[in-house]
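The values are calculated or read from the model by the stated rules, or taken from the named source; none is laboratory data. These figures come from a predicted structure and were not determined experimentally. Neighbour counts run over all protein chains shown; Cβ positions are idealised from the backbone, glycine included. For accessibility, only protein heavy atoms count, side chains too; no ligands or nucleic acids. Shrake-Rupley method; radii C 1.70, N 1.55, O 1.52, S 1.80 Å.
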Amino acid sequence: LTSVLKRSSDLKAAFNTDVNTTMGVRAFQRTVAAVAALRCALGFVGSPSAARPGVSPCRRRLTMTAHSPTDTDRRTALLTGAVLAGTTTTELLAGARPATAAAPTKVLVAGATGQTGRRIVDRLSKIDGVAVTGGVRNVDKATAALAASSIAVRGAMVQKVDAVAPVDLARLDVVEDSVDAIAQTLAGFDALVVATGFVPGNPLKMDAAAHAVDNLGTVKLVDAAVKAKVPAVVMVSSILTNGRAWGQENSPGFQITNAFGHVLDEKIEAEKYLRGSSLQYTIVRPGGLKAKPPTGALKVSKEDTLNAGEISRDYVADVVVAALFDPAAKNKVVEIIEDDAVPAAPLAPSPSAPPKVPFA
């Protein structure tokens, strides 16, 4: 524990000065190693069912403690990855195609009170001809939360949360509800947006929480959508979700993000399940999320190409909404960040029209 606290202090000092220094790199490496050693010494290596072939549990489990770099949160982790991992390989996809298929008229957003989910709900509520419903765990609490503008503290960031115009809400709990119950909630909708995600808390419970929400919870939503005959699903995931498959397992962005409940390993299982289902899907993998409006242009890349970068939650909501209306997004995985070398630009001609995004 003393080692963890010392290494965390080194890391915080580095972040407060200049992350692009030898001090920052070494502090990061020492902190991750110290946390892993502490967790192994305590015997907390996760459940046997979570083990992965060829990976030692003590090497695999890197969940941060309350005194470790959780203060930097996911956004900082991916920003640090941009510095430490070098230039990102990207491939821009050019030319948005106009929607030619029937546009959805009834959309349910699971995770509607989350910072990204509420933005998706807000955008959909303004589009002509679309009825949006927010899927929430507690309707009364969600009604109050969505109607209020507030300040949220997440890790090292203070984020302003804007109020959302009144919309229909329905109970939907991906942990507590059965597939049949969720299917009843989804009945009659022609599109589902999966914007659920576990919230990091107790470091000794993060693995179980991420597994329950980001893996099993999404699997429930997919099974329920099939049962309810919902034709299309758009899922919000993350860059580096499939990092192990393309040599990014040791990259800073992967290691720090995955330290929070091994959430990337859980998300990739959910992605695979969705892709193997009979549903039409779009998987949106954003970089490190920020609450502020975009400062750079949207950059869209193919799957397994981005290992660092950040993006405004506003852009993420725009891309999700665009995927619902553009047939070019059908059965695709896209990764998105901001390109600060190019000025930000609106993606929709008006609030009542779907955004245009270059999916193909």
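Report, by residue number, each residue of segment 249-259 that is surrounded by fewer than 24 Cβ atoms within 10 Å (Cβ to Cβ), in a loop (DSSP other than H, G, I, E, B) and in contact (Cβ under 8 Å) with a residue 60 or more places away in the chain.
Hit for segment 249-259 is Ser251, nothing else.
Could you list all residues from segment 139-156 that are open to solvent by 50 Å² or more (accessible area, probe 1.4 Å), in a loop (DSSP other than H, G, I, E, B) and at pLDDT 70 or above?
Ser149
Restricting to segment 260-296, give me the number of residues that are closer than 30 Å to Ala228 by Cβ, open to solvent by 10 Å² or more (accessible area, probe 1.4 Å) and more than 15 Å from the chain's Cα centre (by Cα).
Of the residues in segment 260-296, 9 are closer than 30 Å to Ala228 by Cβ, open to solvent by 10 Å² or more (accessible area, probe 1.4 Å) and more than 15 Å from the chain's Cα centre (by Cα).
Applying the selection to segment 167-200, what residues are open to solvent by 50 Å² or more (accessible area, probe 1.4 Å) and within 22 Å of the chain's Cα centre (by Cα)?
Within segment 167-200, Arg171, Val175, Glu176, Val199, Pro200 qualify.
Of the residues that make up segment 107-114, is at least one open to solvent by 60 Å² or more (accessible area, probe 1.4 Å), of a type outside the set (Ser, Thr, Tyr) and at pLDDT 95 or above?
No - not one qualifying residue is present in segment 107-114.
Could you check segment 101-116 and list, in sequence order, the residues that are among the hydrophobic types (A, V, I, L, M, F, W, C) and part of a strand (DSSP E or B)?
Val107, Leu108, Val109, Ala110, listed by residue number.
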